[in-house]
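Engineer: Questions regarding the structure given below will be posed in turn.
The values are calculated or read from the model by the stated rules, or taken from the named source; none is laboratory data. All figures in this text were calculated on a predicted structure; none of them were measured in a lab. Cβ: placed from backbone, ideal geometry, glycine included. Neighbour counts: every protein chain shown. Ligands, DNA and RNA are stripped out before the accessible areas are found, and what is left, the full protein with its side chains, is counted by its heavy atoms. Shrake-Rupley method; radii C 1.70, N 1.55, O 1.52, S 1.80 Å.
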Amino acid sequence: IRATHPIIPLILEYRENAKILNTYIEPLLALAARARVRTTFVQTGTGTGRLSSEKPNLQNIPQESEWAPRLRESFEAEEGWSFVSFDYSQLELRLLAHLTADEKLIEAFHNKEDIHTLTASQIFGVSKNQVDTRMRRIGKTLNFGIIYGMGPRAFAETSGISFEEADGFIKEYIRRFPSIKLWHEKIKAEARTLGYVANENGRRRWFFGINSPNPRLKSEAERAAINMPTQSLGADVMKLGMIKSEGALKRAGFWETKARLLLSIHDELLFEISDDILKDTISLLHKT
């Protein structure tokens with residue numbers, strides 16, 4: 001309804017600004033006035049095994065808002081130290097390729113191709129060198145949307161395209177990557193039969209609404225079931241990465257005295273590292 005009345009964009013702008021003020025600026029200023037800002041990690045706060053962060057939530061600092069750059073610049077490392085971020089490139093898409101054994105995705109990753117360009121070329125029916133920025137953006141949205149069981153309506157809203165276009169792109173994606181759709185159906189069937197979905201390491205998540213007569217509850221449960229194996233396996237990879245990083249830094253004699261692990265943010269680990277060992281430690285962690 002954004003275009004139906006001039007007041008709608010103003011309400012949305014006010015809502016965003018109020019959220020930035022109440023959720024981030026005021027709480028962070030209050031915390032910083034007392035001591036160094038620290039978060040609390042909750043190991044049982046998500047259904048997929050990801051760590052969640054609260055009081056304050058430092059995993060959800062805005063990225064795309066007009067306030068995002070200023071908010072992110074407001075965080076400072078200790079004097080003589082630097083923040084260093086390490087992330088796993090397209091972790092969940094790589095796991096999706098592994099879990100579904102999709103030949104096109106696996107080949108693309110082995111060849112170090114841009115997976116979003118590949119998807120765009122497939123759904124638009126053009127060669128990879130004909131894919132423009134808009135096409136790649138839509139391909140990227142669809143890639144991650146498929147992991148989360150996104151339907152055409154949500155895809156249309158996220159991408160800024162019509163429902164008909166979104167529905168057509170999803171159908172073309174399924175036609176081009178049939179093993180992904182077959183895997184989705186297999187996961188939903190398991191959830192309906194067993195009541196839960198398990199990832200490769202045995203982590204389970206129960207879905208009590210998967211057989212609900214309520215279409216909305218059933219649809220939500222199916223989307224969550226599709227997402228579970230990739231996101232939970234990604235969470236396990238991140239936790240293993242945290243454990244290995246700690247071990248490597250302890251063996252080097254850097255742990256806590258010269259390097260600290262501050263945050264786990266989905267597929268990213270954020271460290272604070274003393275500037276005098278920065279180069280060596282970045283190389284060490286990258287190899288780990």
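Engineer: Could you pull out the residue among Glu165, Glu172, Glu222 that is open to solvent by 20 Å² or more (accessible area, probe 1.4 Å), out of contact with any His (no Cβ under 9 Å at 6 or more places or on another chain) and in contact (Cβ under 8 Å) with a residue 24 or more places away in the chain? Outline the logic, then answer.
Structural biologist: Working: Glu165 fails: in contact (Cβ under 8 Å) with a residue 24 or more places away in the chain; Glu222 fails: out of contact with any His (no Cβ under 9 Å at 6 or more places or on another chain).
After applying the criteria, what remains is Glu172.
Engineer: If you don't mind, there's one more thing I want to ask. Among the residues of the stretch 136-152, is there at least one that is farther than 30 Å from Arg216 by Cβ and free of Cβ contacts under 8 Å to residues at least 12 places away in the same chain? Before the answer, list the steps.
Structural biologist: Taking the stretch 136-152 first, the residues farther than 30 Å from Arg216 by Cβ are 136.
Cutting the leftovers down to free of Cβ contacts under 8 Å to residues at least 12 places away in the same chain gives us none.
Checked against the condition, which is being farther than 30 Å from Arg216 by Cβ and free of Cβ contacts under 8 Å to residues at least 12 places away in the same chain, the stretch 136-152 yields no hits at all.
Engineer: Quick check on this structure: which one of Asp275, Asp280, Asp267, Asp236 is in contact with a Leu (Cβ under 6 Å, 6 or more places away or on another chain) and either closer than 30 Å to Gly195 by Cα or acidic (Asp, Glu) (or both)?
Structural biologist: Of Asp275, Asp280, Asp267, Asp236, the one residue that is in contact with a Leu (Cβ under 6 Å, 6 or more places away or on another chain) and either closer than 30 Å to Gly195 by Cα or acidic (Asp, Glu) (or both) is Asp267.
Engineer: Grab the strands (runs of 3 or more DSSP E) fully contained in the stretch 1-103, keeping just those with 3 or more residues being modelled with pLDDT of 95 or more.
Structural biologist: Details: elements: 40-42, 52-54, 81-87.
So the answer is 81-87.
Engineer: Can you spot a residue in the stretch 180-202 that is at pLDDT 95 or above, assigned to a helix (DSSP H, G or I) and among the polar types (S, T, N, Q)?
Structural biologist: Looking for residues that are at pLDDT 95 or above, assigned to a helix (DSSP H, G or I) and among the polar types (S, T, N, Q), one finds at least one in the stretch 180-202, hence yes.
Engineer: Within the stretch 111-164, track down each residue that is closer than 25 Å to Asp267 by Cα and polar (S, T, N, Q).
Structural biologist: The answer is Asn111, Thr117, Thr119, Thr133, Thr141, Asn143, Thr158, Ser159.
Engineer: So which of Asn129, Asn143 ends up being part of a helix (DSSP H, G or I) and under 20 Å from the mean Cα position of the chain (by Cα)?
Structural biologist: Values: Asn129 fails: under 20 Å from the mean Cα position of the chain (by Cα).
Criteria check complete, one pass: Asn143.
Engineer: So which pairs qualify, if the first residue must be in the stretch 35-55 and open to solvent by 60 Å² or more (accessible area, probe 1.4 Å), the second must be in a loop (DSSP other than H, G, I, E, B) and hydrophobic (A, V, I, L, M, F, W, C), the Cβ gap must be under 8 Å, and the two must be at least 6 apart or on different chains?
Structural biologist: Filtered contacts from the stretch 35-55: Phe41/Leu51; Gln43/Leu51.
Engineer: Somewhere in the stretch 204-217, is a residue under 26 Å from Gln90 (Cβ atoms) and touching a residue at least 12 places away in the same chain (Cβ under 8 Å)? Break it down stepwise before answering.
Structural biologist: First, pick out the residues of the stretch 204-217 that are under 26 Å from Gln90 (Cβ atoms): 204-205.
Subset that is touching a residue at least 12 places away in the same chain (Cβ under 8 Å): 205.
Scanning the stretch 204-217 turns up at least one residue that is under 26 Å from Gln90 (Cβ atoms) and touching a residue at least 12 places away in the same chain (Cβ under 8 Å).
Engineer: Moving on to the next point. Can you give me the number of residues within the stretch 58-85 that are touching a helix residue (DSSP H, G or I) at 6+ places or on another chain (Cβ under 8 Å) and surrounded by 13 or more Cβ atoms within 10 Å (Cβ to Cβ)?
Structural biologist: Residues flagged as touching a helix residue (DSSP H, G or I) at 6+ places or on another chain (Cβ under 8 Å) and surrounded by 13 or more Cβ atoms within 10 Å (Cβ to Cβ) within the stretch 58-85 amount to 9.
Engineer: Within the stretch 262-278, does at least one residue satisfy the condition of being farther than 14 Å from Asp87 by Cα, part of a helix (DSSP H, G or I), within 25 Å of the chain's Cα centre (by Cα) and at pLDDT 95 or above?
Structural biologist: Initially, the stretch 262-278 is screened for residues farther than 14 Å from Asp87 by Cα, giving 272-278.
Checking the rest, the ones that are also part of a helix (DSSP H, G or I) come to 275-278.
After this cut, where a residue has to be within 25 Å of the chain's Cα centre (by Cα) as well, the list is none.
No: the stretch 262-278 contains no residue that is farther than 14 Å from Asp87 by Cα, part of a helix (DSSP H, G or I), within 25 Å of the chain's Cα centre (by Cα) and at pLDDT 95 or above.
Engineer: Continuing with this model, one more query. Can you confirm whether Arg36 is of a type outside the set (Gly, Ala, Ser), more than 17 Å from the chain's Cα centre (by Cα) and over 28 Å from Gly168 (Cα atoms)?
Structural biologist: Working: of a type outside the set (Gly, Ala, Ser): yes; more than 17 Å from the chain's Cα centre (by Cα): yes; over 28 Å from Gly168 (Cα atoms): yes.
Yes.
Engineer: Could you say whether any residue in the stretch 113-132 is open to solvent by 40 Å² or more (accessible area, probe 1.4 Å) and more than 24 Å from Ile180 (Cβ to Cβ)?
Structural biologist: yes
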